[in-house]
There are 4 protein chains.
Amino acid sequence: MKKLLIINTGGTFNKQYNPIDGTLDVIQDSSIVDTILKKWLCEFEVLNIIGKDSLDMTTQDRMELLATINMSDYDDFIVIHGTDTMELTAEYLADAEIEKRIVLTGAMVPYSIDPTEAAANMASAIGYLQRQDNDGVYIAMNGVFGNYTKVKKDRVKGKFIYR
Amino acid sequence: MKKLLIINTGGTFNKQYNPIDGTLDVIQDSSIVDTILKKWLCEFEVLNIIGKDSLDMTTQDRMELLATINMSDYDDFIVIHGTDTMELTAEYLADAEIEKRIVLTGAMVPYSIDPTEAAANMASAIGYLQRQDNDGVYIAMNGVFGNYTKVKKDRVKGKFIYR
Amino acid sequence: MKKLLIINTGGTFNKQYNPIDGTLDVIQDSSIVDTILKKWLCEFEVLNIIGKDSLDMTTQDRMELLATINMSDYDDFIVIHGTDTMELTAEYLADAEIEKRIVLTGAMVPYSIDPTEAAANMASAIGYLQRQDNDGVYIAMNGVFGNYTKVKKDRVKGKFIYR
Amino acid sequence: MKKLLIINTGGTFNKQYNPIDGTLDVIQDSSIVDTILKKWLCEFEVLNIIGKDSLDMTTQDRMELLATINMSDYDDFIVIHGTDTMELTAEYLADAEIEKRIVLTGAMVPYSIDPTEAAANMASAIGYLQRQDNDGVYIAMNGVFGNYTKVKKDRVKGKFIYR
């Protein structure tokens with residue numbers, strides 16, 4: 001089995017309801033990923049960085065993510081990311097032509113609101129990465145898998161599709 | 001992307017609380033799998049057969065499963081199965097040396113009681129199967145993946161491990 | 001046992017996550033109340049009006065609520081209402097000096113995000129109303145009960161308290 | 001507001017899935033009640049005794065419950081109890097003619113499997129007790145309330161009804 005690192009950067013996946021002001025906020029730690037791994041009865045290393053809604057992600061943030069991957073001892077990565085700019089970040093990482101495997105995933109519905117989609121996305125990304133031996137940047141979302149140029153968010157249907 | 005068939009045979013994955021007599025019963029249709037796919041925002045074909053706790057599975061049931069796979073137009077299968085005899089069924093299927101790819105999965109905790117583990121197991125099996133190109137019988141459970149001879153239920157820890 | 005009418009006017013109690021635009025919207029029907037009653041294994045008549053976040057409630061809306069209560073054949077009412085202006089609506093209803101019993105309730109956390117608080121608030125209001133024989137306007141929230149002048153939202157603690 | 005004591009004696013209300021042996025076991029502490037109170041954003045004193053499925057409750061257990069109520073400084077009690085012998089325990093307590101108010105409640109579905117019914121039953125019992133000023137033994141279940149002689153478990157429908 002491959003060793004892999006889960007890098008959690010924020011996004012809807014990590015949002016939680018704040019009853020004081022009625023908003024959904026990105027939790028600033030890896031507690032959602034930790035909860036999924038605990039309930040899934042397994043362990044993977046998790047690194048928490050950035051912690052933003054993906055609409056707020058800057059080039060500076062993407063540089064931080066790339067540097068984290070480059071400097072890591074791992075060769076295989078799951079990146080949990082907001083859905084709105086997942087493809088942008090994927091392209092940014094792909095342009096760096098790193099000799100590693102990176103699978104981006106995230107959620108349309110926060111895990112804390114309904115756990116199924118977020119847990120399934122992350123778990124499917126981990127399964128896909130196990131047998132993905134070609135260097136590159138991939139997306140695993142809503143049961144579709146592939147190179148980041150093939151998996152796109154369909155904003156009308158509210159889900160990712162393969163094309 | 002690969003086309004695949006989900007064959008649902010029952011097991012803890014499909015159990016639901018029956019308030020009249022206080023027992024957990026295996027639901028006799030694919031409603032749990034359908035619910036996960038709907039929430040995961042994707043579609044796969046699902047076939048429902050057997051519908052048993054895996055301790056009650058007979059050789060007759062395993063013959064039915066094997067025949068279903070053999071006669072199917074699909075080459076790639078997810079089999080949802082009870083955990084207690086998952087390895088037995090895997091071995092039975094492997095002995096038939098079919099030129100297809102089969103990933104068995106299931107759950108330690110019923111989806112209807114806590115959805116995370118069951119959804120993650122099934123989704124991780126689907127991700128793994130996407131990139132598994134070698135014919136054979138595999139198990140994907142609790143974040144471990146591999147040939148059925150490598151992934152075993154640890155009855156003390158209450159989860160599947162790789163060895 | 002008393003016969004009672006549940007009037008659902010909206011508020012956080014009825015909010016649901018909208019994955020297309022990432023917002024929490026007030027559902028425009030009584031599906032949340034219906035779900036609670038079905039799971040609680042009981043039946044009460046439910047009337048759906050207004051359907052607003054309580055910050056958006058106007059005097060016109062409060063007139064509609066008062067008229068609905070006045071013209072109803074029922075003498076005992078549960079009113080599900082947003083928490084931000086629950087006390088204002090309670091005072092408006094109390095000023096009308098109707099010879100009926102009205103218990104307002106609602107939720108700090110949407111039922112669809114975490115069901116416990118919303119279900120407990122509504123059920124506690126129904127239990128309280130069963131034995132409340134004095135005409136007037138009451139609030140039942142977060143395990144505190146009493147005349148609307150005694151039960152207040154504590155905006156710092158994010159819950160209702162008795163004082 | 002009345003001060004009240006919650007006495008937790010076990011029953012389906014407190015059952016939790018045990019993934020090692022696939023059974024539903026009564027949790028031997030008050031963690032379920034504590035969870036409900038925390039999510040409901042309120043505090044009540046909770047006492048944990050007996051911890052049994054109500055089919056296993058003995059006369060000795062009922063004596064312990066009666067003694068606990070008799071010796072307590074409280075005058076108002078919620079008793080969480082299994083549904084199968086709730087009426088028997090109610091009658092046992094009523095025969096003692098204590099000058100206190102006792103409301104029995106419980107659940108058809110474990111809180112850990114689906115939280116709505118259990119939370120609603122307990123909360124409705126608390127609301128009912130707030131305004132129940134006559135000494136006696138009552139049952140609050142599934143939206144029906146009354147003297148223990150009036151509220152009965154309907155074993156065919158799988159819920160409590162008023163008659």
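The values are calculated or read from the model by the stated rules, or taken from the named source; none is laboratory data. From a predicted model like this one, the values you see are computed outputs, not experimental measurements. Positions of Cβ are generated from backbone atoms using ideal geometry, with glycine treated the same way; all protein chains shown enter the neighbour counts. In case anyone asks, the SASA skips ligands and DNA or RNA and just uses the protein heavy atoms, side chains included. Shrake-Rupley method; radii C 1.70, N 1.55, O 1.52, S 1.80 Å.
Here are the numbers for the structure shown:
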| quantity | calculated |
| --- | --- |
| The lone exception for residue C:115 - which of (1) out of contact with any Phe, Trp or Tyr (no Cβ under 9 Å at 6 or more places or on another chain); (2) more than 8 Å from chain D (Cβ to nearest Cβ); (3) under 26 Å from residue A:23 (Cα atoms) it fails | (2) |
| Subset of the stretch C:119-141 (residues that are within 12 Å of the chain's Cα centre (by Cα) and more than 9 Å from every other protein chain (Cβ to nearest Cβ)) | C:137, C:138, C:139 |
| Test: residue in the stretch B:119-127 that is of a type outside the set (Asp, Glu) and either open to solvent by 10 Å² or more (accessible area, probe 1.4 Å) or over 17 Å from residue A:41 (Cβ atoms) (or both) | yes |
| Options B:94, B:140, B:90, B:120; residue that is small (Gly, Ala, Ser), under 28 Å from residue A:112 (Cα atoms) and not in a strand (DSSP E or B) | B:120 |
| Odd one out for residue A:38 among (1) open to solvent by less than 60 Å² (accessible area, probe 1.4 Å); (2) basic (Lys, Arg); (3) within 14 Å of chain B (Cβ to nearest Cβ); (4) part of a helix (DSSP H, G or I) | (1) |
| Every residue from the stretch D:77-101 that is open to solvent by 50 Å² or more (accessible area, probe 1.4 Å) and under 27 Å from residue D:15 (Cα atoms) | D:84, D:88, D:91, D:92 |
| The one condition in (1) crowded, with 21+ Cβ neighbours inside 10 Å; (2) among the aliphatic types (A, V, I, L, M); (3) at the interface with chain D (Cβ under 9 Å from one of its Cβ atoms) that residue C:144 fails to fulfil | (1) |
| Test: residue in the stretch A:95-103 that is over 13 Å from the mean Cα position of the chain (by Cα), facing chain B (nearest Cβ under 8 Å) and modelled with pLDDT of 95 or more | no |
| Failed item in (1) more than 8 Å from chain B (Cβ to nearest Cβ); (2) part of a loop (DSSP other than H, G, I, E, B); (3) touching a Lys or Arg at 6+ places or on another chain (Cβ under 7 Å); (4) open to solvent by less than 10 Å² (accessible area, probe 1.4 Å), with residue A:74 passing the rest | (4) |
| The stretch B:43-62, residues that are of a type in the set (A, V, I, L, M) and either touching a residue at least 60 places away in the same chain (Cβ under 8 Å) or surrounded by 12 or more Cβ atoms within 10 Å (Cβ to Cβ) (or both) | B:46, B:47, B:49, B:50, B:57 |
| Single match in C:53, C:84 (criterion: within 13 Å of the chain's Cα centre (by Cα), within 30 Å of residue A:155 (Cβ to Cβ) and within 13 Å of another protein chain (Cβ to nearest Cβ)) | C:53 |
| Test set (1) outside any helix (DSSP H, G or I); (2) within 23 Å of residue C:119 (Cα to Cα) - residue D:20 fails condition number | (2) |
| Counted residues, the stretch A:1-35 - those being open to solvent by 10 Å² or more (accessible area, probe 1.4 Å) and either of a type in the set (S, T, N, Q) or more than 21 Å from residue A:61 (Cβ to Cβ) (or both) | 17 |
